[in-house]
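A.B. asks: Below you'll find the structure I mean.
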Amino acid sequence: MVMGLIFAIGVITFCIGALGVLIRKNAVVMFLCIELMLNGANMLFMAVSKFKGLIEGQVAVLFIMAVAAAEAAIGMAIITAFYRRRGGIEVDKAELLKW
Amino acid sequence: MGADVLHIIIAVFLGLLILVSALGVVFLKNPVHSALSLLANLCITAIMYVALLSAPFVAIVQVIVYMGAVVVFVLFVIMLMDIRPADITERFLTPRLFLSLAAVVVFALQMLFVVATVKGGWIPTKYVHAGDLAKLLFTKYALLFELVSVLIFAAAAGAVALAKKRM
């Protein structure tokens, strides 16, 4: 019962993050929603780690956190460069490769 | 049985807080409010790791890395953007919201169906401390650990190169 609840919380957090990536236009908020998706995946890893009695899930969570930190550095650098060139962080302003 | 009911109550309470703060990230218009809502979400997740999933070390790392580094970093960038209230012109009630919602709900139902088939039992509290993780991290996954350090170094160098004035 507790296991099912925690799995459901993780899945729904991931889905709310995906919804945010789909509907928001602000690049910073899209980035925050990606972090939310990673957090939901982390919750699932932790739940499986607990309920199967494996430590590997927590190791995976640590690696995900490291990759998320690297991704934050790159993403914020891209957003800063984008803001400097286009004068805004709405993703509508990215039209270089638009068909 | 009493402890089990207590665990369910804690899970429902923390889950509601997590979902409300996650919705706050998506549906608050000001990016600063979204970032603070994400901060609340990560904090409650860390509490859940300690209270239900018996993982104090990962909870501490979550507080330090996510709440301490990533969210503060994002807040710094938002501060540099200098967003005025007049600049926030986003509206949510568009056809795109409903189409995205349909896609996400279908995905959520599929994933819930998948996780409902996972077998496993409730293991009584057996805390996983830093030593237990280190034994695995520095033997079986030592190469992966070193590769992650190379990745972070490359990401830092790339971030400096990307954010320079002249590209």
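Coordinate-derived values only; no laboratory data. All of these numbers come straight from a predicted model, not from anything done at the bench. Glycine gets a Cβ as well: all are built from the backbone with ideal geometry, and neighbour counts include every protein chain shown.
A.B. asks: For the range B:130-144, name all the residues that are at the interface with another protein chain (Cβ under 8 Å from one of its Cβ atoms) and not acidic (Asp, Glu).
C.D. replies: Listed by number, the residues that qualify are B:133, B:136, B:137, B:141, B:144.
A.B. asks: Report every pair of residues separated by at least 6 positions or lying on different chains whose Cβ atoms are under 9 Å apart, first residue within the range A:28-54 and on the phi > 0 side of the Ramachandran plot, second of a type in the set (Val, Ile, Thr).
C.D. replies: If the second residue must be of a type in the set (Val, Ile, Thr), the pairs left are A:53/B:123.
A.B. asks: Next up: Quick check on the range A:24-51: of everything there that is touching a Cys at 6+ places or on another chain (Cβ under 9 Å) and farther than 20 Å from residue B:52 by Cβ, which residue is surrounded by the most Cβ atoms within 10 Å (Cβ to Cβ)?
C.D. replies: So in the range A:24-51, the residues touching a Cys at 6+ places or on another chain (Cβ under 9 Å) come out as A:24, A:37, A:40.
Subset that is farther than 20 Å from residue B:52 by Cβ: A:24, A:37.
Numbers: A:24: 24, A:37: 19.
Here the answer is A:24.
A.B. asks: Which pairs turn up if I take residues in the range A:56-83 that are closer than 16 Å to residue B:61 by Cβ and within 7 Å of chain B (Cβ to nearest Cβ) and look for partners that are of a type in the set (Asp, Glu) and in a helix (DSSP H, G or I) with beta carbon separation below 7 Å, at least 6 apart in sequence or on another chain?
C.D. replies: A:68/A:35
A.B. asks: Sticking with this structure for a sec: I need the full set of residues from the range B:89-113 which are surrounded by fewer than 12 Cβ atoms within 10 Å (Cβ to Cβ) and outside any helix (DSSP H, G or I), in order please.
C.D. replies: Matches in the range B:89-113: B:89, B:91, B:92, B:93, B:94.
A.B. asks: Residue B:54: part of a loop (DSSP other than H, G, I, E, B), facing another protein chain (nearest Cβ under 9 Å) and either surrounded by 15 or more Cβ atoms within 10 Å (Cβ to Cβ) or touching a residue at least 40 places away in the same chain (Cβ under 8 Å) (or both), yes or no?
C.D. replies: Details: part of a loop (DSSP other than H, G, I, E, B): yes; facing another protein chain (nearest Cβ under 9 Å): yes; either surrounded by 15 or more Cβ atoms within 10 Å (Cβ to Cβ) or touching a residue at least 40 places away in the same chain (Cβ under 8 Å) (or both): yes.
In short, yes.
A.B. asks: Right, next: Within the range B:66-80, track down each residue that is under 13 Å from the mean Cα position of the chain (by Cα) and surrounded by 18 or more Cβ atoms within 10 Å (Cβ to Cβ).
C.D. replies: Answer for the range B:66-80, where residues must be under 13 Å from the mean Cα position of the chain (by Cα) and surrounded by 18 or more Cβ atoms within 10 Å (Cβ to Cβ): B:66, B:67, B:70, B:71.
A.B. asks: Considering each of A:50, A:25 in turn, give the residue that is among the basic types (Lys, Arg) and closer than 23 Å to residue B:132 by Cα.
C.D. replies: Working: A:25 fails: closer than 23 Å to residue B:132 by Cα.
Of A:50, A:25, the one residue that is among the basic types (Lys, Arg) and closer than 23 Å to residue B:132 by Cα is A:50.
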